[in-house]
1. Among the residues of the range 115-148, write down those that are surrounded by fewer than 18 Cβ atoms within 10 Å (Cβ to Cβ), part of a loop (DSSP other than H, G, I, E, B) and within 19 Å of the chain's Cα centre (by Cα).
2. Based on what the data block shows, is residue 196 modelled with pLDDT of 95 or more, of a type in the set (Phe, Trp, Tyr) and buried (at least 24 other Cβ atoms within 10 Å of the Cβ)?
3. Does residue 165 meet the test of being modelled with pLDDT of 95 or more and either in contact with a Phe, Trp or Tyr (Cβ under 8 Å, 6 or more places away or on another chain) or of a type in the set (S, T, N, Q) (or both)?
4. Considering only the range 117-134, I want to know if a residue exists there that is more than 20 Å from residue 213 (Cα to Cα) and at pLDDT 90 or above.
5. Quickly run through the range 76-94 and pick out the residues that are surrounded by fewer than 19 Cβ atoms within 10 Å (Cβ to Cβ) and within 18 Å of the chain's Cα centre (by Cα).
6. Quick check, is residue 168 small (Gly, Ala, Ser) and in contact with a Leu (Cβ under 9 Å, 6 or more places away or on another chain)?
7. Quick one: in the range 24-46, of everything that is in a helix (DSSP H, G or I) and of a type in the set (Phe, Trp, Tyr), which residue is surrounded by the most Cβ atoms within 10 Å (Cβ to Cβ)?
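The values are calculated or read from the model by the stated rules, or taken from the named source; none is laboratory data. This one's a predicted model, so the numbers in the text were calculated from it and none came from an experiment. Here the Cβ positions follow ideal geometry from the backbone for every residue, glycine too, while neighbour counts run over all protein chains shown.
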Amino acid sequence: MRSLVFLLLSTLSLTAHADQNSEYKALFFGQDNRVAIAAPYAAPYAAIGQLETRAASTCTATLVAPDLAVTAAHCFLMDKGKLDAGRWFKAGFHKGKYQARYRVVDQVFHPKFRAGLVYKGDDVYIEPSAARYDIAWLKLERADGAAPAPIPLFNGDRQTLAQALKTAGNKATQAGFAEDHDDILTAHRGCRITRFRSNNTLYHRCDTLSGDSGSPLFIDTADGPQLIAVQSSAPDWFNRKKADNVAVTVLQLPERP
């Protein structure tokens, strides 16, 4: 009987693994195009790190100034009615180690975002009225480690960003700490921006999973890489054909803290 139970459990495990792989494949638009970044990360990847909240939830964030990072606003609001404040930002995070660690002093996001979250069971849904505001500042204080060079934020208006995307061939790089490899940084280089929407968000086809929330999308410019947006949301795997992923551009950032 013990052997039979073991066999059944093994079969169920393999089935669950196969189902998860099928779901991931759907979320990746049919093919996983991510690559693992070799540690220690060189620029610009060294500026990307793991954000840890006080409740031990994790997202991805990016250093954009010596004392500032950007991420997704929903990373702090996963529990209904509660603010789960940031605790640590670990730049260059890799298998439990980091290049620099920062205390999160504060997080700043638009109040309209919090008002537009809907909670159903363990899931959080972002109302269309709030989705455009899913981006946040992290105010940081370095605790230890050698500070990496920040990734500059795109600095311009909507028209200038539209032109920059056109010049880049509507291609970007996305990099984050996805749930299937949450202790290493993976990147999808040259992923496609499919639409620059009127609400200053982007539809895109970068391969992301849970854990990539807040991860950067950056483009190559004559002045080097510039961060243009952060990953916000993706449809359920079974709705993949109905929608692309959504990133919120830096045009939606609140006033700099």
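1. 127 - this is the single residue of the range 115-148 that is surrounded by fewer than 18 Cβ atoms within 10 Å (Cβ to Cβ), part of a loop (DSSP other than H, G, I, E, B) and within 19 Å of the chain's Cα centre (by Cα).
2. No.
3. When the stated conditions are applied, residue 165 passes them.
4. No, every residue in the range 117-134 fails to be more than 20 Å from residue 213 (Cα to Cα) and at pLDDT 90 or above.
5. Correct list: 78, 84, 85, 87.
6. no
7. 45
Quick grid of which residues meet (1) surrounded by fewer than 18 Cβ atoms within 10 Å (Cβ to Cβ); (2) more than 13 Å from the chain's Cα centre (by Cα):
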| residue | (1), (2) |
| --- | --- |
| 183 | yes, yes |
| 202 | no, yes |
| 207 | no, no |
| 215 | no, no |
| 227 | no, no |
| 231 | no, no |
